[in-house]
Every structure is written in structure tokens, then in C-alpha cells.
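S.K.: Once you've had a glance at the structure underneath, I'll fire off some questions.
The values are calculated or read from the model by the stated rules, or taken from the named source; none is laboratory data. Note that the structure is a prediction, hence the values are computed from the model and not measured. Counting neighbours? That spans all protein chains shown, and the Cβs are built from the backbone with ideal geometry, glycine included.
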Amino acid sequence: MDNLKAVVLAIIEGITEFLPVSSTGHMAIASAFLDIESDPFTKLFEVVIQFGAILSVVVLYWRKFIDFKKFSFYAKLLVAILPALAFGALFKKHIDNMLEKPLFISLVLLGGGVLLLFVDRWFKNGSVKEEEEISYKKGFIIGLYQVLAVILPGLSRSAATIVGGMQQKLTRSLAAEFSFFLAVPTMFAATAKSLLDIVQEQPEVLNTEGIQYLLLGSAVAFVVALLAIRFFIRFLQQNGFKAFGWYRIALGTVLIMLILLDKL
């Protein structure tokens with residue numbers, strides 16, 4: 001990896017993290033195109049810059065995150081992340097193996113795109129409009145949807161949790177915001193686990209050059225994500241999911257063709 005590749009991956013992460021198109025899938029495919037080796041540092045880099053992008057949520061919604069008087073807000077997030085933490089720990093090796101299989105990711109991208117074509121029709125009458133109305137049960141069920149994205153790289157954590165929220169009667173905009181909130185503790189835990197594993201197993205990876213790449217990538221992903229969140233909320237409110245569905249279908253189809261032709 002070099003500075004240019006780190007910046008390219010970070011830009012892709014910042015743009016796609018909050019869109020229902022799978023940032024992990026996009027980074028895995030981009031890494032293949034850029035000929036970035038799938039080594040321990042690359043895997044760590046992709047997790048850390050995801051957390052960098054997600055920190056933009058804390059900045060944009062700082063009033064919500066720093067209001068320590070609302071214990072229920074933090075409790076709901078804790079309840080919602082428990083399923084993903086459990087399954088992430090159980091299936092870490094499976095997930096790492098799947099991330100090295102572009103064909104699998106491409107198929108999940110395509111299949112998820114087909115589903116997104118119908119989401120607005122299936123869940124069009126959201127009645128839960130405020131975060132205070134989200135019960136612990138609803139939060140836990142949304143967390144179960146996040147598990148699908150954990151064990152199926154390419155599905156999109158954002159897509160899974162937003163659809164889960166809409167299935168639980170949240171409006172599109174509230175489902176998107178809760179998905180953003182849920183990403184913060186989820187990716188904090190994933191980043192902490194990845195860093196701990198590296199420190200214990202391959203501490204030499206965290207050399208001066210490696211740390212510079214992590215800081216650069218995180219900063220770029222953070223700035224790009226700040227812009228992407230605002231765009232996504234407006235677009236989602238006005239247009240729904242169908243455009244993202246067609247994008248995923250087109251991208252998944254092209255990638256599958258390239259893989260079958262041995263071009264990827």
C-alpha cells in the first residue's frame with residue numbers, strides 16, 4: 001500500500017459507508033483492482049477507516065451523543081449491537097475468508113440490489129417518527145438485521161439496518177439515523193478488536209509507516225463521510241431505495257462478468 005492507494009480506499013469508504021451499497025464490498029473489489037495485497041495490515045486498515053468515517057456521525061449528531069441525561073438512548077444502542085458482537089466473534093474467520101472471494105461479494109451485491117427494488121413498496125407506512133419511540137425490542141430486532149451484514153460481506157450494514165428499521169415501522173429517515181447511531185458502537189468494537197488482535201499477534205504491522213496510513217485514511221474517510229451523510233438523507237427522503245438497487249444490480253453483474261472472464 002502507498003499514500004495514493006490509502007486515499008483512494010478512504011474516499012470509497014467515506015462515500016459508501018452510509019449508502020446501502022456495502023462499503024466493505026466496494027473496498028474489497030477496489031483492493032483487487034488496485035492490486036493491494038490482502039494481508040493483516042490491509043484488513044486492519046479497512047476496519048479502522050470505517051470507524052474514521054463513522055465518527056462523522058458523532059460530529060453531525062453531537063447533541064444526541066453527548067446528552068448523557070438520556071440513558072435510554074445508549075441502552076438501546078447497547079441492546080441493538082449485542083447480536084452483531086456475538087456473531088462477529090463466532091464467524092470472524094468465515095468473514096475474513098468471504099472477503100477474499102470477489103465472486104461471493106459480487107453475488108451478494110447483486111442479490112441485495114434486487115431486494116432494494118421492493119423495499120419502498122414493502123415498508124411504506126412508517127409510524128415511528130422519533131428516536132424516543134423506538135422500543136428495546138425494536139432495537140434488538142434491528143440488531144438482528146445487522147447480523148446479516150456481518151456474516152454476508154457485500155450485503156451492506158447500512159442497508160440491512162435501515163430495512164430492519166423500516167420493517168419495525170420506523171420512517172425512512174429515522175431508520176437511516178438509527179442505522180448511523182448503531183454504526184458508532186459497532187465499528188468501535190470492531191476496530192478495538194482488530195487493533196487488539198494485531199498488537200497481540202503481529203505488533204510489527206503497527207510501525208510508523210503503518211500508523212501514518214491509518215491516520216491518513218481515517219481523516220480522508222471522515223471528511224468524505226460528512227458530505228455523504230447529508231446527501232444520503234436528502235436522497236433517501238425524496239427517492240427511496242430503488243436507485244441504489246439498480247446500482248447494485250449493475251455493479252454486481254459487471255463484476256461477475258469480469259470474474260468469469262478472469263479479468264478480476
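S.K.: Of everything in segment 106-129 that's out of contact with any Phe, Trp or Tyr (no Cβ under 8 Å at 6 or more places or on another chain) and crowded, with 19+ Cβ neighbours inside 10 Å, which residue is farthest from R157 (Cα to Cα)?
M.R.: Checking each candidate, the answer is V128.
S.K.: Let me ask another. With the requirement that a residue be in a loop (DSSP other than H, G, I, E, B), free of Cβ contacts under 8 Å to residues at least 60 places away in the same chain and either surrounded by 20 or more Cβ atoms within 10 Å (Cβ to Cβ) or within 10 Å of the chain's Cα centre (by Cα) (or both), what does segment 13-54 give you?
M.R.: I36
S.K.: Mind checking whether some residue in segment 195-207 is buried (at least 16 other Cβ atoms within 10 Å of the Cβ), part of a helix (DSSP H, G or I) and modelled with pLDDT of 90 or more?
M.R.: no
S.K.: Which one is modelled with the highest pLDDT among residues in segment 208-218 that are of a type in the set (A, V, I, L, M, F, W, C) and either touching a Pro at 6+ places or on another chain (Cβ under 6 Å) or buried (at least 16 other Cβ atoms within 10 Å of the Cβ) (or both)?
M.R.: Applying the filter and picking the extreme gives L216.
S.K.: Only residues that are hydroxyl-bearing (S, T, Y) and not in a helix (DSSP H, G or I): list them for segment 132-184, please.
M.R.: The answer is S135, S156, T171.
S.K.: So which of T191, T208 is of a type in the set (V, I, T) and farther than 24 Å from Y61 by Cβ?
M.R.: On the way: T191 fails: farther than 24 Å from Y61 by Cβ.
After applying the criteria, what remains is T208.
S.K.: Can I ask one more? When segment 240-254 is examined, which residues are found to be in a helix (DSSP H, G or I), within 20 Å of the chain's Cα centre (by Cα) and surrounded by 14 or more Cβ atoms within 10 Å (Cβ to Cβ)?
M.R.: Those that are in a helix (DSSP H, G or I), within 20 Å of the chain's Cα centre (by Cα) and surrounded by 14 or more Cβ atoms within 10 Å (Cβ to Cβ): K242, F244, G245, W246, Y247, R248, I249, L251, G252.
S.K.: Oh, and also: Keeping to segment 224-247, report how many residues are among the charged types (D, E, K, R) and over 24 Å from G52 (Cβ atoms).
M.R.: Adding up the residues that qualify gives 1.
S.K.: Can you tell me which of I134, I151, I162 is surrounded by fewer than 17 Cβ atoms within 10 Å (Cβ to Cβ), touching a residue at least 12 places away in the same chain (Cβ under 8 Å) and either in contact with a Cys (Cβ under 8 Å, 6 or more places away or on another chain) or among the aliphatic types (A, V, I, L, M) (or both)?
M.R.: On inspection, the qualifying residue turns out to be I151.
S.K.: Of all residues in segment 113-165, which are over 16 Å from the mean Cα position of the chain (by Cα) and of a type in the set (S, T, N, Q)?
M.R.: Within segment 113-165, N125, S127, S135 qualify.
S.K.: Determine which single condition K101 fails, assuming it passes every other condition in (1) free of Cβ contacts under 8 Å to residues at least 12 places away in the same chain; (2) out of contact with any Ser or Thr (no Cβ under 9 Å at 6 or more places or on another chain); (3) over 25 Å from L258 (Cβ atoms).
M.R.: If we test K101 against (1) free of Cβ contacts under 8 Å to residues at least 12 places away in the same chain; (2) out of contact with any Ser or Thr (no Cβ under 9 Å at 6 or more places or on another chain); (3) over 25 Å from L258 (Cβ atoms), just (3) comes out false.
S.K.: Here are S56, S22: which of them is among the hydroxyl-bearing types (S, T, Y) and out of contact with any Phe, Trp or Tyr (no Cβ under 7 Å at 6 or more places or on another chain)?
M.R.: Being among the hydroxyl-bearing types (S, T, Y) and out of contact with any Phe, Trp or Tyr (no Cβ under 7 Å at 6 or more places or on another chain) holds for just one of S56, S22, which is S22.
S.K.: Would you confirm whether or not segment 183-197 contains a residue that is farther than 26 Å from S72 by Cα and in contact with a helix residue (DSSP H, G or I) (Cβ under 8 Å, 6 or more places away or on another chain)?
M.R.: Yes: one or more hits.
S.K.: Would you be able to say whether some residue in segment 218-239 is among the hydroxyl-bearing types (S, T, Y), closer than 30 Å to I66 by Cα and part of a helix (DSSP H, G or I)?
M.R.: Looking for residues that are among the hydroxyl-bearing types (S, T, Y), closer than 30 Å to I66 by Cα and part of a helix (DSSP H, G or I), one finds at least one in segment 218-239, hence yes.
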